Structures are given as C-alpha cells and as structure tokens.
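Visitor: Below is a structure I'd like to ask you about.
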Amino acid sequence: MTKKLVQGNEAVFKGAVKAGATFFAGYPISPSSEILAQASVHAASHPEFRFLQEEDEIASVNAILGGSLAGAKSFTATSGPGFSLMQEAVGYGHKVGIPCVIVNVMRVGPGTGMPTMPGQGDLNQTRYGSTGDYTSIVFYPSTVAECYEYTIHAFNAAEESRSPVILLSDAFLGHLNEVADLDEIDVPVVARTLEPLAKGSTRLFSGVATYPDGEPATADSDEFIRQYYESRDQRQAVAEKYAFYEHGWNKDAETLVIAFGITPRVARPLAPYFALFRPIRIWPTLDKELAEIAPRYKKIIVIEGSDGQYANVVERMLLRRVERVPLLGGRMSIEAITLGLDHIGMLPAGFAVDKTSPVKVG
Amino acid sequence: MAVKDKLKTDLFPTIWCPGCGIGLIMQQLASVMDDLGLDKTNTVLITGIGCTGRMGAYMNFESVYTLHGRTLPVAEAIKMVRPELNVIVVSGDGDTASIGGNHLLHSIRRNSNITVICNNNEIYGLTGGQAGPTTPKGTTTISSPAGTTYSPVNLQGIVASNPNSFYAKTTVYHQGPMKKAIKEAIQWPGFAFVDVASQCIENNGRRIGFASANDMLQNYRTEYKAAPPGSKHLERHQLGIVKGEPLPVGASAKNGNGSGE
C-alpha cells in the first residue's frame with residue numbers, strides 16, 4: 001500500500017522474490033547489473049536466498065539449471081551478448097525440462113555494440129538462439145510496475161511449462177524510475193512443479209536424446225519426434241494461459257501501430273492518431289489475437305528497436321504487408337519515430353518534422 | 001546394502017568399449033559409496049559430455065548429464081542450494097580441462113565443496129581420438145599426425161592454486177590407491193580433485209603402440225610409483241594425495257560471492 005520510486009531492474013528483482021525465487025547466479029553486464037547487485041544485497045540478509053557471482057554467463061545459466069534441479073526457483077539476468085553465451089544451455093533447459101527465468105535487458109547489438117543504449121534486437125535470439133526446435137515463452141513488459149508483474153508470470157510460466165522462460169526488458173525500461181505501488185499487484189504464485197534432486201528417485205537429467213529409462217535414443221527418430229511434439233504441445237498449451245497483450249490508444253483510427261516494451265511509451269504523443277497493439281507475450285506469437293484485431297485497420301506500422309525482427313513476424317502471422325519504422329543505434333525517441341513515419345509517408349497531420357534535421361533514422 | 005546396489009546393472013552391458021578404463025573407476029566409486037553410506041537420498045552425480053558422462057546413467061543415483069564442459073557450474077549451484085548433499089562430478093579430461101577449463105579455475109578459487117573425479121585418458125575418445133588438453137607433447141593422434149606441439153595442462157598446478165584444495169593422482173591399475181583417493185576426496189571439506197589415468201585402447205592406445213588394454217594397464221603398473229609420504233607435490237607418474245589446509249565445513253557454501261575465505 002505504499003507508492004515508491006522504483007527502478008525497472010529493481011522491480012524485476014522484487015518480482016522474482018515475490019514469485020519465490022531463492023537462487024540467483026549472474027555475471028555483471030550493462031544494462032542489467034542492478035539485478036545482480038540487488039540479489040547480492042538481498043542474499044546478505046536472507047539466508048534462504050542463495051547468490052553466486054559467476055565467472056561468465058555460461059556458468060550463470062548452467063548454475064540456474066542446477067539450482068532449479070536442486071529445488072530452488074532460480075534466475076539470472078543479462079543483456080544481449082551474455083544471452084548469446086547462454087544459448088546452448090537454453091536449449092538444454094528445454095530438452096531436459098528445467099523451469100528457470102532468464103532476464104535479458106536489451107542493449108544495441110551485435111557484438112559489444114552500444115552497452116548503455118536501448119535496443120530491441122534480441123527478439124529472434126529469444127526464439128531461435130539455441131540449436132534445434134523448441135518452444136520459447138517470452139514476455140516483455142512496458143512499465144516498471146509491469147516489470148514486477150510479468151516477472152512473477154515468467155516464473156509461473158516456467159514452472160508450468162518446465163522450461164527456461166525469458167523476460168525481456170531494455171536499457172530504457174531497466175533504468176527507468178517510476179512511482180509504483182508493487183504491493184497492489186496481485187499475481188498468484190505457481191508452486192514448484194519439479195521434484196527436487198535426491199528425494200528418493202534415480203532420474204537421469206540428460207541433454208542427449210534418451211528413453212525414459214536413461215538409455216540413449218540417439219538413433220530413434222520415432223522416439224525423438226514423439227518427445228518433441230509432446231513438449232511442444234505442452235508448452236504451447238501453457239503459453240495460451242499467458243496470452244498477454246494490450247489493444248488501445250485510438251481504436252477507431254485507420255492505422256494500427258504495433259510496438260512493445262518501452263517503444264509505445266516513447267510513441268505516446270501519437271496516441272490520438274493510431275490504434276495500438278502491444279504484445280506482452282512476444283513468443284509464442286499472438287496469432288489468434290492479432291488475427292482478430294488487424295482486419296479492422298487499413299494499414300499496420302511496426303515500430304521497433306530492430307531492423308524488422310517483429311515486422312517480419314507480423315507479416316508472417318497476417319500474410320499481409322506492414323510498414324516499418326526501425327529505431328536503430330539506440331535512437332528510441334519521438335523525434336526518430338516521427339522522422340521514420342514521415343519517411344514512409346505516414347506522419348499524422350499536425351506533426352511537423354524538421355527536414356533539415358541531421359538525425360538519421362533506419 | 002552392497003556395491004551392486006549402487007549400479008543399474010539391468011542397463012549393462014555399458015556402451016563403453018571392451019578394455020575401457022571407465023568401468024574400473026565406476027566400480028571403485030560404487031565401492032566407496034557403499035563404505036561411506038552414500039545413497040540416492042544424500043548424493044547426486046554430475047557428469048559431463050564424453051564417454052565418462054555415461055556413468056551417471058548406470059548408477060542408482062539422481063544424475064545430471066550436463067552440457068559439454070558445464071559440470072562444475074551445475075554441481076556448484078546444487079551444492080549451494082542443497083549443502084547437505086554430497087555432490088560428485090565425474091567427467092573426462094577434455095570436458096574438465098579444456099571446454100570447462102574456465103569453470104575449473106573458478107570452482108577451485110571458490111573452494112566449492114564438491115568432488116571431481118576426472119577420467120584422464122589423455123585423448124578425446126568419444127569423437128574418435130583427437131589431441132586433448134592432457135595429451136602428452138609429441139603424441140600422434142588423428143588431429144596431430146606429426147605429434148602434438150604443446151605440453152599438457154598442469155592439472156595439479158591449477159588445483160594447487162587454491163591452498164585449501166585436495167589433489168590426488170592415481171591410475172585405474174592401482175585400485176587400492178584409487179579407492180583411497182576417491183574416499184578421501186569425498187570426505188574432504190572443500191574442492192577435491194582426483195586425477196585418474198585411464199586407458200582408451202580403441203581411440204588412443206593402439207595408435208601409440210599398445211597392443212591391448214592390458215598392455216596399457218601394465219604400463220601404468222611399471223611407470224607409476226607411489227610418491228614419498230608427506231609429498232607436497234607429485235612428480236610425473238607419481239601416485240599420491242596432496243592436501244592443502246582444510247577449511248571448516250560449510251565455509252564454501254555461504255552466501256556472497258561464494259568465496260571460501
């Protein structure tokens with residue numbers, strides 16, 4: 001019942017604790033490091049909460065897999081480059097079926113890129129980063145309060161789906177301070193679904209294709225296909241319970257803007273002129289939900305901090321062409337958005353852009 | 001209880017080649033587990049990729065067959081979350097010293113209270129016999145046709161970089177010393193590493209001139225000698241245990257950055 005000034009990264013950490021997390025392993029990386037720092041401070045006064053600063057992100061993600069198997073709701077936080085290092089283990093977690101949460105506070109890539117600038121270029125990485133086929137569940141909040149709320153949902157979905165669930169954020173949102181009353185956010189917490197290690201079973205947790213008794217099934221295509229569809233269908237069914245999105249702004253407008261994370265807030269001055277579809281569950285995509293909404297609009301514009309990662313997805317979902325405003329190089333500003341809209345001839349009357357502006361847009 | 005209760009004998013025969021040394025390690029590990037009262041409620045096995053990694057599947061314990069090189073982060077996290085468990089890592093030299101080398105440095109630095117049994121066959125066996133981090137200089141392998149260029153990694157030196165750690169060198173021929181080393185390693189309060197020389201006849205031994213697995217075992221018999229009592233450092237082909245200053249139990253499992261200090 002107390003309103004407080006809370007930072008996005010801080011809200012993620014508080015959400016994790018609320019969800020019952022008792023193990024964090026991580027490696028410092030901007031712009032996610034506040035989550036690691038929060039975890040270390042929390043551990044100092046909460047002996048039931050275990051904290052390990054690792055030697056790298058590969059150790060971090062493998063540690064949370066181990067911590068989860070041992071019985072603790074476990075999580076790590078990183079940014080794009082660190083998330084790249086974690087990819088092999090993400091696939092392992094999907095194969096073995098280990099609930100855990102990976103927070104990716106996005107910056108501008110590729111490579112070391114722009115460590116303190118906001119980007120949204122990790123969408124494909126959260127879906128296709130690891131080897132093989134698997135079903136990712138990914139959420140991307142938009143406010144500090146939502147950082148708290150959807151972190152809890154991420155832990156819940158991880159338990160239900162028995163897989164690593166990704167919570168996306170960005171440098172803008174992670175470092176944003178907003179007044180929020182987190183105590184008012186009430187998300188029921190899902191209990192652990194995986195029997196902790198050494199309670200009497202003799203299970204083999206293996207990334208290798210195996211039969212239920214642990215024998216290798218490395219040349220049995222039928223068994224592989226059976227297991228693959230079983231886990232895909234199970235995770236897809238879980239994801240359906242978490243079909244979060246927002247349909248708002250001026251719903252009667254002719255054009256639908258699709259944007260997510262911090263971007264719709266940056267684009268807020270455009271609210272009278274456009275409808276907004278804001279996916280919160282980024283993966284699996286909200287095909288059914290968008291298919292209901294999209295036909296009402298003559299045009300669709302995807303405004304995002306990458307060169308079309310989500311626009312490509314929307315075209316695939318709807319089988320229709322969409323307009324694009326890519327916000328590149330960390331330039332996630334209303335100035336860049338209006339310039340981008342002008343560039344594609346979609347700038348609402350009443351908005352003027354400075355044609356002589358040196359600002360480059362994608 | 002008996003030794004055989006530690007094993008899933010219904011899954012035998014194992015996938016290991018005839019003459020492989022890994023089964024000799026599993027046998028002694030099972031024997032030690034029986035002696036120490038280790039069972040599925042107080043002990044977990046963490047194994048890495050490579051032939052050695054299959055050991056977890058054949059033992060009557062909860063077992064995590066990790067990604068290649070990632071035994072130690074998984075094991076250390078399990079020990080941190082469940083300090084009451086015995087956490088035993090069994091993995092090969094390639095998994096431990098090459099792809100997992102960075103984790104080895106840091107698990108040792110943190111004095112994580114886990115036991116590592118390293119099946120050291122000086123080769124990448126499962127992938128067909130490529131040179132590995134422990135392959136002796138000059139060895140002909142399928143990835144070093146003119147002989148390996150570099151000296152092997154100094155496992156003893158890496159382990160000894162933490163003054164509170166435990167290092168043992170043994171061979172699969174020397175069953176008594178191997179059992180003693182494994183037992184003391186599990187009982188050691190802190191990071192313990194058992195470096196077990198073990199033959200790979202199929203993908204190494206024959207290429208370097210051994211006619212049979214028995215020839216390799218006989219080579220261990222003649223080449224390896226017990227280190228003098230009280231040795232603080234083992235020379236090449238010396239059997240023995242080098243112990244640092246033991247830290248109180250639990251010191252390595254406390255919160256913070258995992259430091260044992």
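Visitor: Which of the DSSP-defined H helices in chain A satisfy a minimum axial length of 18 Å, computed from C-alpha atoms, and a minimum mean Kyte-Doolittle hydropathy of 0.0? Write down the numbers at each step before the final one.
Guide: Numbers: long enough: A:33-45 (19 Å, 0.55); A:57-70 (19 Å, 1.20); A:144-161 (25 Å, -0.20); A:221-240 (28 Å, -1.53).
Span-like helices in chain A: A:33-45, A:57-70.
Visitor: Quick one: in region A:48-144, what % of C-alpha pairs are over 21 Å apart? Walk me through the intermediate numbers first.
Guide: Values: 1516 of 4656 pairs.
Value for region A:48-144: 33 percent of Cα pairs lie more than 21 Å apart.
Visitor: For chain A, what is the percent of antiparallel DSSP beta bridges, rounded to the nearest 5?
Guide: Antiparallel: roughly 30 percent of the beta bridges in chain A.
Visitor: Anything over 29 Å Cα to Cα? Flag those among B:Lys137/B:Lys169; B:Lys6/B:Lys180; A:Lys241/B:Lys40; A:Lys95/B:Lys4; A:Lys4/A:Lys288; A:Lys251/A:Lys288, in the order listed.
Guide: A:Lys241/B:Lys40; A:Lys95/B:Lys4; A:Lys4/A:Lys288
Visitor: Considering only chain B, what is the antiparallel percent among its DSSP beta bridges, to the nearest 5? Each step should come with its number before you reach the end.
Guide: Numbers: 7 of 35 bridges.
Here the share of antiparallel DSSP bridges comes out near 20 percent.
Visitor: Another question, then. Let me see the P(r) profile for region B:15-247: every Cα-Cα distance counted, bins of 5 Å, each bin given as a percent of all pairs.
Guide: So the P(r) values, bin by bin, are 1, 7, 15, 20, 22, 17, 11, 5, 1, 0.
Visitor: Expressed as cubic angstrom per residue, what is the convex hull volume of the alpha carbon set of the protein assembly as shown?
Guide: That works out to 168 Å³ per residue.
Visitor: Choose one answer from B:Lys243, B:Lys183, B:Lys225: the residue with the largest mean-square fluctuation in a GNM of chain B with alpha-carbon springs under 10 Å.
Guide: Among B:Lys243, B:Lys183, B:Lys225, the largest mean-square fluctuation in the Gaussian network model of chain B belongs to B:Lys225.
Visitor: Here's something else I'd like to know. How many partner chain Cβ atoms sit within 10 Å of a residue's Cβ in peptide B:37-49, on average, as a whole number?
Guide: 3
Visitor: Now for a separate question. In nm², what is the average projected area of the convex hull enclosing the Cα atoms of region A:4-184?
Guide: Dividing the Cα hull surface by four gives the mean projection, 9.1 nm².
Visitor: In degrees, nearest 10, range 0 to 90: what is the angle between the Cα axis of helix B:175-187 and the longest Cα principal axis of chain B?
Guide: Value to nearest ten degrees: 30.
Visitor: Based on the Cα coordinates of region A:245-343, what is the per residue volume of their convex hull in Å³?
Guide: Values: hull volume 8.8 nm³, N = 99.
In region A:245-343, the Cα hull volume divided by residue count equals 89 Å³.
Visitor: While we're on this one: Tell me the Rg and the Dmax, in Å, that the Cα atoms of chain A produce.
Guide: Just the Cα atoms of chain A yield Rg and Dmax of 20.8, 72 Å.
Visitor: While we're on this one: If I build a Gaussian network model for chain A, linking alpha-carbon pairs within less than 10 angstrom, which residue out of A:Val105, A:Val302, A:Val313 has the largest mean-square fluctuation?
Guide: A:Val313
Visitor: Here's another thing I want to ask about it. When chain A is modelled as a GNM with alpha-carbon springs shorter than 10 Å, which of A:Val187, A:Val41, A:Val61 fluctuates the most?
Guide: The residue with the greatest mean-square fluctuation here is A:Val41.
Visitor: Give me the inter-chain shielding for B:106-119: mean count of other chain Cβ atoms within 10 Å, whole number please.
Guide: 1
No lab work stands behind these numbers, since they all come straight from the coordinates. Model, not experiment: these values are computed from the prediction. As a convention, Cβ positions derive from the backbone with ideal geometry for all residues, glycine included, and neighbour counts pool all protein chains shown.
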